[in-house]
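Where a number appears in this text, it was derived from the coordinates with a stated rule and is not lab data. These numbers come from a predicted model, not from an experiment.
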Amino acid sequence: MQAGVEADARTDAAPAPPLFRRVFAIEGLSILAVFAVLLVIFMITAPRTFLGYRIYMAFLASVPPPVILALGLTFVVIAGEMDLSFPSIVAFASYVFSALFKFHDLTFIAMALTLVLSAGLGLINGLIITQLGIPSMIATLATLFFWGGLVTIISNGLTIAIPSIDGTAIQMVFAGRIGAFRCSLYGLWPSPASSGSSSTATPSAKTSSSSATTRRLPMSSASRSKRPGSKYSR
């Protein structure tokens with residue numbers, strides 16, 4: 001009896017783990033610490049890049065697509081399963097939306113049908129795994145090639161370009177911009193409009209640039225004629 005009491009006393013008197021271990025025992029905190037250390041290293045080695053705001057705004061512009069895919073796959077991974085078929089499902093859904101928009105002039109209806117189709121393809125994956133008892137990695141690997149081959153057959157290996165979607169309501173909702181920032185459901189957060197401003201020039205800008213070039217030509221000719229030893233010099 002006395003020995004048991006002494007053992008309990010020794011157990012109660014055991015030293016608590018250090019604060020460092022208790023802090024990093026929080027799930028996910030160690031990953032954030034590694035990310036912070038890497039970011040500091042990048043800032044030290046390349047301060048002109050990683051101490052400016054442009055690279056972070058570029059990240060915010062390019063991150064949403066994989067983040068949207070990762071959000072859907074997160075629940076699959078939490079369930080202890082694997083989904084390898086999502087690239088083919090994305091390609092299938094993209095082709096269906098493009099075809100409905102280009103050949104049938106559908107916008108939000110095409111978006112809704114595409115979501116229903118994608119959910120149906122995911123349901124088929126789930127039924128194969130749960131009802132047939134096939135492991136998710138093998139089942140989704142098979143559907144990866146199946147859906148990818150099916151969309152290749154339907155499209156004859158050709159892509160559908162939809163440049164006319166620019167300026168439509170669905171484009172403004174999912175990829176629109178307010179001034180220099182993207183504020184849309186697709187972006188999930190503001191990001192800079194760096195792609196459209198540099199590739200497209202207004203007619204007035206083109207005219208001013210061409211006139212400026214025209215004005216510079218006589219100056220270059222005059223400077224060439226004043227050059228010593230030139231055939232234009234008197």
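Assign one of three labels to segment 69-161, namely rounded, prolate or oblate, based on the Cα gyration tensor with a ≥ b ≥ c the square roots of its eigenvalues; rounded applies when a/c is under 1.5, prolate when it is not and a/b is larger than b/c, and oblate otherwise.
prolate
Express in nm, to one decimal, how much length is gained between ARG21 and THR45 on full extension, taking 0.36 nm for each residue of separation and deducting their alpha carbon distance.
The ARG21-THR45 span can extend by a further 5.7 nm.
Using amide H atoms built in the peptide plane, which far-off residues or other-chain residues are under 5 Å from LEU106 H to H?
Excluding prolines and chain starts, which carry no amide H, the hits are PHE101.
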